[in-house]
1. Please go through the stretch 156-183 and pick out each residue that is under 23 Å from residue 70 (Cβ atoms), in contact (Cβ under 8 Å) with a residue 12 or more places away in the chain and surrounded by fewer than 17 Cβ atoms within 10 Å (Cβ to Cβ).
2. If a residue has to be within 11 Å of the ligand (Cβ to nearest atom) and either closer than 24 Å to residue 180 by Cα or in a helix (DSSP H, G or I) (or both) to count, how many in the stretch 77-92 make the cut?
3. Among the residues of the stretch 110-121, which ones are surrounded by 13 or more Cβ atoms within 10 Å (Cβ to Cβ), out of contact with any helix residue (DSSP H, G or I) (no Cβ under 6 Å at 6 or more places or on another chain) and in a helix (DSSP H, G or I)?
4. Show me the helices (runs of 4 or more DSSP H) entirely contained within the stretch 144-249 in which 1 or more residues are within 16 Å of the ligand (Cβ to nearest atom).
5. Given the options 151, 202, name the one that is under 15 Å from residue 67 (Cα atoms) and in contact (Cβ under 8 Å) with a residue 40 or more places away in the chain.
6. Could you tell me whether residue 71 is surrounded by 15 or more Cβ atoms within 10 Å (Cβ to Cβ) and over 23 Å from residue 204 (Cα atoms)?
7. Out of the residues in the stretch 19-76 that are near the ligand (Cβ under 8 Å from one of its atoms) and part of a loop (DSSP other than H, G, I, E, B), which is farthest from residue 211 (Cα to Cα)?
8. Quick check on residue 96: is it within 12 Å of the ligand (Cβ to nearest atom), under 18 Å from the mean Cα position of the chain (by Cα) and surrounded by 15 or more Cβ atoms within 10 Å (Cβ to Cβ)?
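Bear in mind that the values in this text are calculations on the coordinates, not laboratory data. Keep in mind that what you see is a predicted model, and the values were worked out from it rather than measured. Cβ: placed from backbone, ideal geometry, glycine included. Neighbour counts: every protein chain shown.
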Ligand code: FPP
């Protein structure tokens with residue numbers, strides 16, 4: 001049982017905690033613009049907010065948190081912004097790895113590291129190694145990640161392994177994805193009002209509940225995460241079946 005946060009609604013909602021929450025952390029740039037700040041200040045605020053959301057995820061009993069940190073398409077942003085983001089990721093890894101480890105967070109990486117700065121790659125490997133036995137929260141960092149490229153990567157690997165067409169099934173396919181061994185996301189949150197999936201977990205999110213919110217990522221704090229869990233708790237997940245089949249009619 002978890003403690004219901006101070007501002008939880010007074011009505012009785014049967015809280016169902018999603019096991020796996022995935023977040024498209026969008027709106028850093030607009031958050032900064034609204035304040036007359038450079039975009040990078042928005043990314044820094046976004047990184048600070050990530051710390052709050054990791055703490056809240058642990059508090060609420062979420063088991064897996066997947067964050068979209070940098071997509072394969074984000075390389076096309078202005079060079080200076082990409083450089084600043086890479087520096088920010090390296091700084092966050094330096095600053096937070098030890099405390100995430102002490103908190104029981106196990107960091108996983110989703111994506112490919114070819115072409116990524118070697119120093120950043122090493123820092124990421126160190127963080128994965130340091131935290132690999134932790135069990136409190138799995139933090140999947142989708143970095144240099146794209147859903148289509150993940151699927152292509154899996155298919156290439158399966159062909160290289162000589163998998164026969166008749167042997168292919170969804171379970172086997174899952175085992176070739178970066179998320180191998182993990183359950184699919186139950187809830188996908190996208191901040192900043194956009195209503196797109198943007199190449200994020202396009203295979204794994206097939207039956208996820210979607211929660212778009214107009215709040216910009218740096219402002220999406222613990223209370224907003226709780227709001228998303230409340231909304232999730234009231235969804236009727238049917239996985240393509242009827243209410244009768246899932247016993248809700
Ligand atoms: C989206 O905002 C954000 C990103 C592309 C980068 C995500 C990075 C962070 C949240 C920083 C912290 C992350 C880690 C892993 C330390 P945007 O720039 O697309 O905002 P906009 O749509 O308003 O321009």
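1. Residue satisfying the conditions is 157 alone.
2. Total satisfying the criteria: 11.
3. Residue satisfying the conditions is 121 alone.
4. Ranges flagged: 147-160, 222-233.
5. Details: 151 fails: under 15 Å from residue 67 (Cα atoms).
Result of the check over 151, 202: 202.
6. Working: surrounded by 15 or more Cβ atoms within 10 Å (Cβ to Cβ): yes; over 23 Å from residue 204 (Cα atoms): no.
Considered against the rule, which asks whether it is surrounded by 15 or more Cβ atoms within 10 Å (Cβ to Cβ) and over 23 Å from residue 204 (Cα atoms), residue 71 comes out as no.
7. It comes out as 27.
8. Values: within 12 Å of the ligand (Cβ to nearest atom): yes; under 18 Å from the mean Cα position of the chain (by Cα): yes; surrounded by 15 or more Cβ atoms within 10 Å (Cβ to Cβ): yes.
So residue 96 passes the test.
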